[in-house]
Amino acid sequence: MYPIVGWRNRKSADTRNCACGTWKQHWLNYSGRGWPTSCSVMRCNNPPTVGAPVINSNVAGESIVPMCAACNKLAEEFILKINAIAVSANPAETCAAKKRVMYGSGWE
Ligand SMILES: [Zn+2]
Ligand SMILES: [Zn+2]
């Protein structure tokens, strides 16, 4: 179960992702849901445009949530909507568990 408080954007220029191609596709593949009509951040009603890598001190590793471009630039902590769905960004728990194709280094 994911907490809704204490999230931050991953502060990194590192744009690596997985065999899904984009983090948006990764989210679609592993959430089992359709792309939401509004951003995952509390009180934001913009349409989400990216699968954003986010971190939380109470969650191991990185997670991906649908987000709008503005929220993706937030420097401060934010709260997710109750119904927001975060998926693990760790391919070992998601895509690579089915398909052993990885790009770049550092995943293992
Ligand atoms: Zn993936
Ligand atoms: Zn937003």
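Any read-out appearing in this document is the output of simple, stated calculations on the displayed coordinates, not a laboratory observation. Values in this document were obtained by computation on a predicted structure and should not be read as measured data.
Annotations for the structure displayed:
- Rounded to two decimals, the Cα-based Rg/Rh of the range 1-83, with Kirkwood Rh, is 0.92.
- Percentage relative contact order, the range 7-97, counting C-alpha pairs under 8 Å, at least six apart: 34 percent
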